[in-house]
Every structure is written in C-alpha cells, then in structure tokens.
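Here's the structure we're looking at; comments come further down.
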Amino acid sequence: MEKFHIKGFLVGSRILIFDEAWAKKLYELGVYGKPFGIRKPKSVEDVKAPLELSIVEATYLVEKGVMKVFRGDGSEVGVNDLLEIGRKVIPNFDDLYIVYKDLRERGFIVRSGLKFGADFAIYTERPGVQHAP
C-alpha cells in the first residue's frame, strides 16, 4: 500500500478527513470511511469531505503509514494511542482489529456489518456494486 501521509483529526473516537482530495483518495484505495451526508456513494466522485473513519480503519491506515492522525492541539496520535482509544470504546477491540487487519491484508474491502448482525461485511468489489457474501 502506498504511503501518502494523509492528515486525519481525532474527534472523540472517530477520525475525520477534511481535505476532499484525500477523502477521495482513501475511498479509491479501498473504500475506507463514510462520507458525511452520502448514504451509499456509488463512485469516488460521490465522496465529499469530511470523510469519517472508524477507530479500527484509522489504526490500520496509521500502522500502514498511509495517514497520520492529529488531536485538535496539533499533537500527533500514534498507533499505540489509537489502540488504547479503541480498547476503551470497543469491547474486544484487539480481536476485532486482528480480524480487520487480516481481511484487509487478504485484499477484501471491509465494512461495518452491524446492520447484518455481524462485526464486519466483506466485499471483493465496492459495496453497491456487489452484495456482501
């Protein structure tokens, strides 16, 4: 995965990407995040800033060197900080992160599966183009 050093900002336990070009790039790379105000984007062109990333997605992207996350005061939030935040807000975060990372490493697009009664829904193509298997 290419390294871009996209800037994300920690807001609560979510990470926001305010730059539209970077939001589009992240979505294009592997359908990361959810664009505000767009329920189901059909293409990269539908993606507008801000893009909201889950703590799981952001941890993965920071670990891969694709992005950096900052607090409101400008201080950087490292992988260990993100892991700690994740552990505080998500039960079994470590297990979820291991599964998420493994699925991403295998080339799957990984989205929240909560509406299906699962932790994740996985796709080989963009959601909307393909239904989760």
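The values are calculated or read from the model by the stated rules, or taken from the named source; none is laboratory data. All values derive from a computational prediction rather than experimental measurement. Methodologically, a virtual Cβ is constructed for each residue, glycine included, from the backbone with ideal geometry; neighbour enumeration extends over all protein chains shown.
Scanning the range 94-119 for residues being in a helix (DSSP H, G or I) and closer than 18 Å to Gly33 by Cβ gives a total of 8.
Here Ala21 meets each of (1) in contact with a Phe, Trp or Tyr (Cβ under 9 Å, 6 or more places away or on another chain); (2) hydrophobic (A, V, I, L, M, F, W, C); (3) at pLDDT 75 or above with one exception, condition (1). Kindly check whether there is at least one residue in the range 40-61 that is surrounded by 15 or more Cβ atoms within 10 Å (Cβ to Cβ), of a type outside the set (Ser, Thr, Tyr), touching a residue at least 60 places away in the same chain (Cβ under 8 Å) and in contact with a strand residue (DSSP E or B) (Cβ under 8 Å, 6 or more places away or on another chain). Yes, there is a match, as at least one residue in the range 40-61 is surrounded by 15 or more Cβ atoms within 10 Å (Cβ to Cβ), of a type outside the set (Ser, Thr, Tyr), touching a residue at least 60 places away in the same chain (Cβ under 8 Å) and in contact with a strand residue (DSSP E or B) (Cβ under 8 Å, 6 or more places away or on another chain). Picking from residues in the range 62-105 that are β-branched (Val, Ile, Thr) and farther than 20 Å from Tyr123 by Cβ, the one that is nearest to the chain's Cα centre (by Cα) is Val62.
Out of the residues in the range 62-77 that are surrounded by 14 or more Cβ atoms within 10 Å (Cβ to Cβ) and free of Cβ contacts under 8 Å to residues at least 60 places away in the same chain, which is farthest from Gly8 (Cα to Cα)?
For the range 62-77, the residue satisfying everything is Glu63.
Based on this model, can you work out whether Val56 counts as hydrophobic (A, V, I, L, M, F, W, C), under 21 Å from Lys7 (Cβ atoms), modelled with pLDDT of 95 or more and not in a helix (DSSP H, G or I)? No: the conditions fail for Val56. Filtering the range 110-130 for residues that are modelled with pLDDT of 90 or more and touching a Phe, Trp or Tyr at 6+ places or on another chain (Cβ under 7 Å) leaves an empty set.
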